[in-house]
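Only one structure is covered here, and it is reproduced in the block below.
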Amino acid sequence: MAKFRQVFDKIKIPIAIFTVLAGLTLYTIGFMPIGAESYDSVEFFSIAFRALFSTCRIFIMESDFSDLNEIVSNNGFYIFLFSLVHTLGALLTIMTILSSIGIKFISRLKLALGNGEQIYIFLGFNEASLNLIKSLKAGSKSRYYIVVESLQDGEEDGDLLLRLREDRFILIDTVWQDLTTLKKLHLPKRLINRELHIFALSSEESKNAKVTLALLKQVQNDKMGEDKVKFYVNTTDESAEKYFEIVNKEKNTDFEVRTFSIPDLMARQLFETHPIHSYMPLDTESAKALSGFTIFLAGLGPEGVEILRKSIYLGQFEGGNYRAIITDGEMAKKRGYLFNKYPGLRNNYQIETHEAEPGSEEFYGALESNISTINYIVLALDNDKLNIDTAIEIQRLINRSQNNKN
């Protein structure tokens with residue numbers, strides 16, 4: 001469906017231009033009086049404007065075939081061309097209407113007719129939501145996947161809808177950050193009574209918690225089954241889970257609210273896949289490191305902070321010192337946040353910070369001056385393309401440094 005849509009988007013304008021030009025030509029010829037040897041300018045323009053009006057009627061699936069002169073109306077080749085142009089115009093109109101209704105209509109139709117046993121509702125759409133939905137779809141086929149996301153004007157052909165069409169998710173076009181009740185989603189009652197799994201996985205952690213709290217209070221007030229509704233919240237606030245427990249106790253309910261941090265999970269997966277000790281010279285007989293551990297971290301966003309924390313836990317060895325070199329384009333602000341939230345980092349660990357954008361002289365200067373002692377490089381720049389481009393340039397710098405040594 002997505003591929004067909006892309007093809008249609010590419011050919012619809014050429015088809016429309018061809019239909020207009022061909023319609024004007026055919027109707028102009030068809031409206032010319034039989035037997036007339038010449039036409040004055042007024043008569044010609046009158047025929048042309050009449051042909052233009054009839055051409056416009058093609059797109060509302062109307063035809064003025066009965067007004068054509070007898071010569072063309074009895075000509076098989078002319079009738080074939082006339083029918084072809086009207087068919088193209090009708091198809092263009094139908095496809096445009098379906099395109100404008102698009103995913104919203106299809107989603108509502110699926111909701112009206114659907115009967116899934118488990119309903120998975122995602123508040124907001126991002127890479128985390130997409131990857132989780134794809135993973136879940138590999139399991140039970142009786143699950144319904146609903147994405148709640150607001151479409152802005154002109155976003156009908158955006159990345160969100162392309163992915164929704166490819167993976168056949170259900171879209172509810174509304175601002176999820178303003179949700180205070182499930183009723184605003186206008187879900188059929190039979191789906192509301194199914195097993196609901198509600199995910200708030202966006203990077204807006206405060207909004208995740210706020211909306212989840214509002215929905216938790218709503219299901220409490222509506223006395224929905226505690227085993228029928230489960231919440232999953234992305235937040236780095238370690239006290240969030242306890243707060244939801246307090247809200248449950250206030251109403252004497254036991255709705256399950258699971259909190260987790262996507263940056264935390266990413267950092268754990270990184271060091272499980274690429275353990276720090278694999279990049280350290282170790283003396284296994286004395287159980288000591290033969291050198292200190294130095295990590296170069298580009299980016300101090302949520303992922304960068306968790307990677308730094310995990311590297312401190314895992315990067316301290318007997319016989320060597322821990323050291324971190326961190327770069328970020330907004331380091332002044334982010335450094336203050338880091339040391340305010342984790343004050344012990346400032347005085348107890350050797351952490352160097354540089355305000356430097358990837359690609360800047362400061363960035364490569366901080367890397368090049370420490371290249372001989374760096375054991376581990378992590379790019380957490382919140383942009384896959386920038387991560388890849390920066391990795392290529394860093395590899396070029398490392399290769400040049402090694403060649404200079406040789």
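With contacts taken as Cα pairs under 8 Å at a separation of at least 6 residues, segment 217-275 carries a relative contact order of 42 percent.
Rank ILE146, ASN69, GLN177 by how far each Cα sits towards the positive end of the charge dipole of the chain (+1 on Lys, Arg Cβ; -1 on Asp, Glu Cβ) and give me just the farthest. About the Cα centre, the residue reaching furthest to the positive side is ILE146.
For segment 114-260, the Kirkwood hydrodynamic radius comes to 15.7 Å, computed from all pairs of different C-alpha atoms.
List the GluC sites (Glu not before Pro) within segment 232-328 that DSSP assigns to loop and that have no more than 15 neighbouring Cβ atoms inside 10 Å. Walk me through the intermediate numbers first.
Numbers: sites: GLU238, GLU241, GLU245, GLU250, GLU256, GLU272, GLU285, GLU303, GLU306, GLU318; in loops: GLU238, GLU285, GLU318.
Passing both the DSSP loop test and the Cβ count: GLU238, GLU285, GLU318.
Of all DSSP bridge pairs formed entirely within segment 266-406, close to 10 percent run antiparallel. In percent, rounded to a whole number, the relative contact order of segment 114-260 is 24, using alpha-carbon pairs under 8 Å and six or more apart. Between SER46 and ASN252, full extension at 0.36 nm per residue minus the direct alpha carbon distance yields a gain of 66.1 nm. Dimensions of segment 266-405 based on its C-alpha atoms, expressed as ranges along the principal axes with the largest first, amount to 43, 41, 26 Å.
Dividing the Cα radius of gyration by the Kirkwood radius, what Rg/Rh value follows for the chain?
Reported Rg/Rh (Cα atoms, Kirkwood Rh): 1.18.
By the helix-only formula, in which each DSSP H run with n ≥ 4 contributes -39500 (n - 2.57) and the sum is divided by residues, the chain has a 222 nm mean residue ellipticity of -17000 deg cm²/dmol.
Compute the relative contact order of segment 266-405 as a whole-number percentage, counting only Cα pairs closer than 8 Å that sit 6 or more residues apart in sequence. Kindly include the intermediate steps, with their values, before the conclusion.
Working: 188 pairs, mean separation 36.5, N = 140.
Relative contact order for segment 266-405 comes out at 26 percent.
Since every read-out is calculated from the coordinates, none of them should be taken as a lab result. Every value quoted in this text rests on a predicted model; they were computed, and no experiment measured them. For neighbour counting, all protein chains shown are included, and Cβ atoms are generated from backbone atoms with ideal geometry for every residue, glycine included.
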